[in-house]
Amino acid sequence: MTDLDTRPAVDWLALGAVTITVVSWASAFVAIRGVGESFGAGPLALGRLLIGSFALGAIVLVQNLRSFRGLHSGRRWVKPNRTQWLQIISIGVFWFGIYNVALNAAEQRVDAGTTSMIIQIGPILVALFAGLLLGEGFPRWLVIGAGIAFAGAVMVGVVTAVTTTSTTKTDADFLGIALCLVSAVTYAIGVLSQKPVLRTIPGLQVTWMACTIGMVCTLPFAPALLDDLGAASAGATGGLIYLGLVPTALAFSTWAYALTRMNAGKLGITTYAVPPITITLAWLLLGEVPHVLAVVGGVICLVGVGLSRKR
C-alpha cells in the first residue's frame, strides 16, 4: 500500500481551522458595522490590533516557556532571516495594517454584504499569483470552483446593495468601492507573503509578529482611539474587544495553521463562504432580512467552494 493510499481523504483539523476562520471573519464585517459609529477607521484598526497583539503575545510566551521546560511539544521560537523578516513585515504592513484601516473606512460607506463581496476579488488574485509565483498551478476544479463561487458572491453583494432596510447602508460611493479594492489587494499580498514563511516559522509566531507590526503602523491613531474610547458605549467597546480576540487573534491563527496544510489558492477560495455567512449574521444580529436572490447567491458560493476542494 502506498503513502497516497494511507493518506486521509479529508484533513479534518485543517477543515476545522478553515471553518473557524471563515465564520470569525464573516462576523467581523457585522461587528465593524456595529461599532463603526463609535470608532473611526484608524482608531478601530489600532484597538483591534492592540488587543490581538497582546492576546497572541501571551499565548506565544506561554507556549515557548512550556516548550523550554519540556512541557509542550510544539515548535520553539525561530529567529527569522532577512528574507523572512521582509515577508513578515509585508504581512504586517499590508494585511494587518493597511487592510484593516481600509476595510473599516469602506464599511462606513458600503454595506457589509457588498464589502464582503468585493473583497472576494482577493482570493482570485491569491489563486492566480499562487499558481504563477508559488508553483501551485491551476487545477481544473480550483478554477471551476473559483468562477462559480465568485459568481455567487457577486449575486450576494449586488442584491444586498440594492435591498434597502432600516439597518442597511446603500449609499456606496466611488471612494467606498476603491477602499474595498484596496482591502482585496492587500489581503492577497498578505496571503502570498505568508505562505513561504510558514514553511519554516511557526504559524502562531508569524501571526503575532505580523499583528504587532500592523499595530505599530497604526499607532498614529492612538490619540483618536483614546478619544473614541472615552465616548464609546459599553457595547461598542465590547465589540472592539471581540474584533481583537476572535476575528484577529483566533481567526488569523487558525488561518495560518490551515495555510501550512493546504495550498494558498485552494484555501483562498474557501473564503467565498464569507459573504453568505455575513448576510446570515447580519439578518440574525442586525435584523437585515436577506433577499431571496441573496440566499441563492450564498448557496452558489458554497457550491463553488465545495467544487474547488475536489481533487
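Miscellaneous remarks
- Ordering 229-236, 204-211 by mean Cβ neighbour count within 10 Å, with the highest value first, yields 204-211, 229-236.
- 3J(HN,Hα) along the range 229-244: 5, x, 9, 6, 6, 4, x, 5, 5, x, x, 5, 4, 4, 4, x Hz, from the Karplus curve 6.51 cos²θ - 1.76 cosθ + 1.60 with θ = phi - 60°, whole Hz, x for Gly and Pro.
- Burial ranking of peptide ranges 18-29, 270-281 (average Cβ count within 10 Å, highest at the top): 270-281, 18-29
- Here the 3J(HN,Hα) profile of the range 116-121, calculated from phi with Karplus coefficients 6.51, -1.76 and 1.60 at θ = phi - 60°, is 5, 5, 5, 5, 5, 5 Hz, Gly and Pro shown as x.
Every read-out reported here was derived from the displayed coordinates using simple, explicitly stated rules and does not represent laboratory data. Here the structure is a predicted model, which is why all the values come from computation and not from measurement. With ideal geometry, Cβ positions are generated from the backbone for all residues, glycine too; neighbour counts draw on all protein chains shown.
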